[in-house]
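Below is one structure, written out as structure tokens; the observations come after it.
The values are calculated or read from the model by the stated rules, or taken from the named source; none is laboratory data. All figures in this text were calculated on a predicted structure; none of them were measured in a lab. Neighbour counts are summed over all protein chains in view; Cβ atoms, including those assigned to glycine, are modelled from backbone coordinates with ideal geometry. When the accessible area is computed, the model is the full protein with side chains, heavy atoms only, and any ligands, DNA or RNA have been set aside. Shrake-Rupley method; radii C 1.70, N 1.55, O 1.52, S 1.80 Å.
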Amino acid sequence: MALVGQQELGSAWLHPISYAIRNALTQGVPIDNIVLLLLLPLVAAVIAASRHLIGLRGFGIFLPAALSAVFVATGPVVGIGLFLVIVTVSTFSRMLLRRLRVKLQYLPRMALILLVVVLAVLAILFVGPQIFGRRELAEVSIFPVIILVLLAEDFTRAQLGKSIRIAASLTVETLILALMSFVFLSLSALQEFALLNPEIYLLMVLGLDLFLGTYSGLRLLEIWRFRKLIRN
Amino acid sequence: MHLSSILGLNARFQLYSYPSNSRRGRKVAGSKLLTKRILRKAEIPIPEIYAKFTTQEDIYNFDWTKLPERFAFKPSRGLGGEGIVVVRKKATRHSSSGQVEWITTQRTRVGIEDLKLHGMDILEGAYSAGNVPDNAFIEEFVGRNKAFRRYAYRGTPDIRVIVYNKVPVMAMLRLPTRESSGRANIHQGALGVGVDIATGVTTHAVWHGNLIRFKPGSKRKLHGIKIPQWNRILEIATACSEPIGLGYLGVDVVLHPEKGPMVLEVNAEPGLEIQLANIAGLRRRLDRVEGLYVESTQQGVQIAKALFASSFAARVRAEAEGGKTVNIFEMIKIQGGQGQKIEVQAKVDSGAWRTSVDWTLAEKLGLLKESNILGTRKVRNPLGEERRPIIGLTFWLGGKKISTAAGVSFRGHLKKKVIIGRRDLTGFLVQPH
């Protein structure tokens, strides 16, 4: 806040977003919201870059980005913990349904799994603060938790028919992507740069997006995958 | 191989599948039912469809007891072979309620209720991309061709052909394994076996991204398998491109044991594992056929055979025409005076007329006996002329028995004690290196 106030701004034509931000801040919009909003395009670009340059797949762009925002809200440890619990519970309830030969149609089955997941999350929220002595668990706001619960469906769907190994590797890749995005979201130098030079920052993200969209070379992991071809 | 020869996911989309494939083509490829309709109109062979289900009523109203002994139940938009139930035969025992039951290729029992529920799942979109509502269908069961009987585990193998600009650029045989539970999808653990485009003979094999030589858990070689009706496979795969509206596509062909090759499905973004199975870069091959003017399917196949033949293709083709290829140096078996067989290194020499054997060797084998000498011939040497015997000789070259009249010479200082002359090389092709 102080930084933005101190900054000398030039013409409003050259810095329209800077003026808008300063205006919003004086009107009482929380600075964290603006920072998170400004950094979101970068997070999306980073996830796109790790897909197109490195070759990490993950579950699309929405899942890791949403996860990283959840991590910002809950803290990474609690976030990952909740995430793993939810994924495990939904996987196990799916396997249990199959083992018990309960044959339900797809949507009712998903609803049932969601029910089990909600029970598990409730149990953690009730029991967690007492047993683990983690105050954070009690103070977690409900929206990140709901997002996490809803993500369970995407995971269950992604697992459908796939081998456990593929599902697990996709989950791990998603976690890596989400953690990477979380680091970007919480870098204070980056936050400051985006806040003080929003125009330059957004143009850079735009440039990165355009570059990624037209890059047609091999991805890093593909070079590894086809290493035997290269050696020959 | 250079990095730029290899096709990656980025280039596949940006340079090939996106610019070459029409919107309509991608839509058709996404739906097996639409694909079948168009291929049937184009008179490309496909497995017969027994039933189609688009609404829940279809499932209720269908007379399930009328289904034949063997069939495949599939979602129209299933991804990666998911949601497919293949039924191999009717169960001999009926279920407790007295209804018909079938045995799947994965050796589980399914009854009519199971099939109905599975159909509901499919219609709900449990197996489609993005879980959009889907259609289900039941089609003819395509059994395993006997050429693949020893290589595939339970399921039916298929042949993936990548076609670009109406030229079949690369092909791979996909063999189901125990792990892929009878499905021919590489990502579920099926084997990918590269195939030489010119001859239809398999070359290399990959399993889980690693090159292998034998079928897992056995000593059965995976290279050198000759795929039957290869030309026809390439032709029907290539013929799919135009009616469907895809310039870059992967076509999955199955070999029906009686009816021959049939197209199972097409793919607008075929997988890249095929490069490993062929130890060849796809991008380089695509570059070579890009922009060529290809008039017909047959011409496209001819271009592919000329451009992408493997080093052994010429040999395979010659052998198909009845020739047997031999190298310059070959191990041969010679029959000795007492009928014994001895292995010796021989030199194939088309510069010589008559086959000749080293004197010492001939003596050792008992070939210089009076009864075996057929005559003599004059040989000129620096000291004048001498007469050398001509002997009867029986030997085996490349599995072929040859009985001939051979000369005897002094080759004691040379490594190869036998020279095979052109008189005895009729029907052979000599590989000069």
Q: Rounded to the nearest 500, what is the 222 nm mean residue ellipticity of chain B from helices alone, with -39500 (n - 2.57) per DSSP H run of 4+ residues and division by all residues?
A: -5500 deg cm²/dmol
Q) In terms of solvent-accessible area of protein heavy atoms at a 1.4 angstrom probe, what is the ranking of B:369, B:166, highest value first? A) B:369, B:166
**Q.** lysines with Cα under 27 Å of residue B:36, excluding same-chain neighbours fewer than 8 positions away
**A.** A:162, B:27, B:52, B:66, B:74, B:89, B:90, B:116, B:146, B:166, B:259
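Mind pulling the per residue volume of the convex hull built on the Cα atoms of the range B:49-140? Å³ is fine. Walk me through the numbers before you get to the answer.
On the way: hull volume 8.1 nm³, N = 92.
Each residue corresponds to 88 Å³ of Cα convex hull volume.
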(Q) If I compute solvent accessible area with a 1.4 Å probe over the protein chains, what percent of it on the range B:94-184 is carbon and sulfur? (A) 44 percent
Q | Residues losing 40 Å² or more accessible surface upon assembly, the range B:1-33, compared with the chain by itself, 1.4 Å | A | B:1, B:3, B:6, B:9, B:10, B:14
Q: Report the accessible area of residue B:70, computed with a 1.4 Å probe over the heavy atoms of all protein chains in place, in Å² rounded to the nearest 10.
A: 110 Å²
Q | Placed amide H near residue B:155: partners under 5 Å, 5+ positions off or other chain | A | B:182
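Hey, any idea what % of the range B:322-431's accessible area is carbon plus sulfur with a 1.4 Å probe? Can you show the working numbers first?
Details: 3110 of 6170 Å².
Result for the range B:322-431: 50 percent of the exposed heavy-atom area is carbon or sulfur.
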Q: For residue B:41, go through the aspartates and glutamates and keep the ones whose alpha-carbon is under 14 Å away, minus same-chain ones fewer than eight residues off.
A: B:242
Q: Positive end of the charge dipole of the protein assembly as shown (Lys, Arg +1 and Asp, Glu -1 on Cβ, about the Cα centre): tell me which of B:47, A:90, A:180 has its Cα farthest that way.
A: B:47
Q) Where in the range B:104-126 does accessible area fall by at least 30 Å² between the isolated chain and the complete protein assembly, at a 1.4 Å probe radius? A) B:114, B:117, B:121, B:124, B:126
Q.
Which residue fluctuates most in the GNM of chain B (Cα springs below 10 Å): B:111, B:337, B:80?
A. B:337
Q: Give the span of chain B's Cα atoms along each principal axis, as three whole-Å numbers ordered largest to smallest.
A: 101, 57, 36
**Q.** Largest to smallest accessible area among B:219, B:333 [probe 1.4 Å]
**A.** B:219, B:333
Q) Given H placed on each backbone N at 1.01 Å, which residues far from residue B:376 in sequence or on other chains put an amide H within less than 5 Å of it? A) B:390
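Rounded to the nearest 20 Debye, what is the dipole magnitude of the range B:49-140 about its Cα centre when Lys and Arg each give +1 and Asp and Glu each give -1 at the C-beta? Display every interim value, and only then the final one.
Values: 12 positive and 13 negative charges, 98 e Å.
That gives the range B:49-140 a dipole magnitude of about 480 debye.
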Q: Using just the helices of chain A, give the 222 nm mean residue ellipticity in deg cm²/dmol: DSSP H runs with n ≥ 4 each add -39,500 (n - 2.57), and the total is spread over all residues, rounded to 500.
A: -25000 deg cm²/dmol
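Rounded to the nearest 100 Å², what is the buried accessible area between A and B, both sides summed, probe 1.4 Å?
The contact between B and A buries close to 2700 Å².
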Q. Over the protein assembly as shown, one equal point on each Cα, no solvent: what is log10 I(q)/I(0) by the Debye formula at q = 0.07, 0.08, 0.09 Å⁻¹?
A. -0.66, -0.79, -0.93
Q. Three principal axis extents, largest first, for the C-alpha atoms of chain A, in Å?
A. 69, 60, 32
Q | Burial of 50 Å² or greater, the range A:198-230 residues [accessible area, probe 1.4 Å, versus chain by itself] | A | A:216, A:218, A:225, A:226, A:228, A:229, A:230
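How large is the charge dipole for the range B:322-431, taken about the Cα centre, if only the Cβ atoms of Lys, Arg (+1) and Asp, Glu (-1) carry charge, to the nearest 20 debye? Please report the intermediate quantities before stating the final value.
Details: 20 positive and 9 negative charges, 27 e Å.
It comes to approximately 120 debye.
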(Q) As a test question: what accessible area, to the nearest 10 Å², does residue B:207 have when a 1.4 Å probe is rolled over all protein chains in place? (A) 70 Å²
(Q) Under 29 Å between alpha carbons, and skipping anything fewer than 8 positions from residue B:364 in its own chain: which lysines qualify? (A) B:333, B:341, B:347, B:378, B:400, B:401, B:415, B:416, B:417
Q. Once both axes come from the Cα atoms, what is the angle between helix B:32-41 and the longest principal axis of chain B, in degrees from 0 to 90, rounded to 10?
A. 70 degrees
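Could you calculate the FRET efficiency of residue B:229 with residue B:132 from 1/(1 + (r/R0)^6), where r is the beta carbon distance between them and R0 is 41 Å, rounded to 0.05? Before the final figure, lay out each step's value.
Details: r = 37 Å, r/R0 = 0.90.
According to the calculation, E is roughly 0.65.
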Q. In degrees from 0 to 90, rounded to the nearest 10, what is the angle of the helix A:106-131 Cα long axis to the longest principal axis of chain A?
A. 70 degrees
Q | Under Karplus coefficients 6.51, -1.76 and 1.60, residue-wise ³J(HN,Hα) of the range A:61-67 in Hz, glycine/proline x | A | 9, 5, 4, x, 5, 4, 4
(Q) Using each residue's phi in the range B:287-302, evaluate 6.51 cos²θ - 1.76 cosθ + 1.60 at θ = phi - 60° and report the 3J(HN,Hα) Karplus result to the nearest Hz, with x for Gly and Pro. (A) 4, 6, 9, 4, x, 5, 8, 10, 7, 9, 4, 4, 5, x, 5, 4
Q. Given A:16, A:190, A:213, which one lies farthest toward the positive end of the charge dipole of chain A, if we put +1 on the Cβ of every Lys and Arg and -1 on the Cβ of every Asp and Glu?
A. A:213
Q: Give a residue-ordered list of calculated ³J(HN,Hα) values for the range B:338-350 (Karplus: 6.51 cos²θ - 1.76 cosθ + 1.60, θ = phi - 60°; whole Hz; x for Gly, Pro).
A: 9, x, 6, 10, 10, 8, 9, 6, 10, 10, 8, 9, 6
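With a 1.4 Å probe and every protein chain left in place, work out the accessible area per residue of the protein assembly as shown in Å², rounded to a whole number. Display every interim value, and only then the final one.
Numbers: 33190 Å² over 665 residues.
Per residue, the protein assembly as shown has 50 Å² of solvent-accessible surface.
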